[in-house]
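Asks: Next up is a structure, given as structure tokens.
The values are calculated or read from the model by the stated rules, or taken from the named source; none is laboratory data. Keep in mind that this is a model prediction, so the values were computed, not measured. Heads up, the Cβs are rebuilt from the backbone with ideal geometry, glycines too, and the neighbour counts pull from every protein chain shown.
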Amino acid sequence: MRLDVFLAARIAWLSRSSAGRLIETGRCTVNDINRKPAYRLKAGDKVVLESCGEPEAPAAMLPPRPIPFRVVYEDPHIIVIDKPPGVVVHPAAGHSEDTLVNGLIFHCPQVAGVGTGGRPGIVHRLDKDTSGLLVVAKTSRAHQALADDFRRRRVEKRYLALVHGKVKEHAGSIDLPIGRHLKDRKKMATNSPVGRQALTLWRVRRLYSRATLLELDLKTGRTHQIRVHCRSMGHPVVGDTVYGFRRDRAAGWQEKIWQRVTRQLLHAWQLGFEHPVTGQRMIFRTPVPQDFRWTLAALAKADFTTAKR
């Protein structure tokens, strides 16, 4: 693979042309030697790229905004929140003042001084349309400890997902690497040549006639991991417009239910970790939001009505 293609595939925000400029200006080496963007990598090559994080607005410039979210737990060191669907976690293109970070600074101004860049206090994130639990650091000490725990995979992250079709097995695991899709940079894929190890454990919580409610335990934290792994099973998350079916496999009553689904039905329902200061083991759970709950109830009612016939 070309060096510029490799860098663009491994770094989410970096385009191939931007990677080429970094290489040509000497900010990337292969085996301690400056190469050209077209250099073909070989197994064992050591690629080093100078720190050049994604450009972000300084936290001090982020305006506080009354973004709605529910506080599940808070103390002087951390805050655990229930993020509603439709809210972006941190500022990005097209979202500079309507993010969860803006709401956190409004709720707790001290968060603005924790961490660096435009992600103050953030140690992990959820997709815009994924709901559920997030822990945020309120102090630098807590931020460093939590970031280390996430990096070392000491944090328990469990999700609920409604997927298309009836999953035949009761439980299982998906151990497929995930990397940036080489043709569509907005997507991830399990067949990427630069994929990183990703492991998801799952079990069936409830079967419906044409859908399944899964509980998933993330052992790694790759971008879009659950959505990509569920698609690899042949059971994409309901409402997922990126990794879902081009046309929902539904007819009749079920099609009417799907029409009311406006986002991927994926919810971070349980989060467990050691308190970054006290060391106490903490486990939090939060119920699925109203739209998710309505869909499950509608599926159960439709199955019951069909059975009576």
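Asks: Looking for whichever is in contact with a strand residue (DSSP E or B) (Cβ under 8 Å, 6 or more places away or on another chain), of a type in the set (A, V, I, L, M) and farther than 23 Å from ILE283 by Cβ here; the options are VAL101, VAL135. Which one fits? Give the steps one after another, and end with the answer.
Replies: Working: VAL135 fails: farther than 23 Å from ILE283 by Cβ.
Result of the check over VAL101, VAL135: VAL101.
Asks: For segment 269-286, what are the residues that are in a strand (DSSP E or B) and β-branched (Val, Ile, Thr)? Show your work before the answer.
Replies: Taking segment 269-286 first, the residues in a strand (DSSP E or B) are 269-274, 281-285.
Once the filter is applied, which keeps residues that are in a strand (DSSP E or B) and β-branched (Val, Ile, Thr), segment 269-286 yields only ILE283.
Asks: The conditions are (1) of a type in the set (S, T, N, Q); (2) crowded, with 16+ Cβ neighbours inside 10 Å; (3) within 21 Å of GLY165 (Cα to Cα), and THR262 fails exactly one of them. Which is it?
Replies: (2)
Asks: Same structure again: If I filter segment 66-111 down to residues being over 17 Å from ASP129 (Cβ atoms), among the hydrophobic types (A, V, I, L, M, F, W, C) and in contact with a helix residue (DSSP H, G or I) (Cβ under 6 Å, 6 or more places away or on another chain), which single residue comes out as modelled with the highest pLDDT?
Replies: Step by step, filter segment 66-111, then rank; the result is ILE78.
Asks: Pull out all pairs, ordered by first then second residue, where Cβ-Cβ is under 7 Å, the residues are six or more apart or on different chains, the first lies in segment 9-38 and is assigned to a loop (DSSP other than H, G, I, E, B), and the second is at pLDDT 85 or above and surrounded by fewer than 13 Cβ atoms within 10 Å (Cβ to Cβ).
Replies: These pairs meet every condition: ASN31/LYS46.
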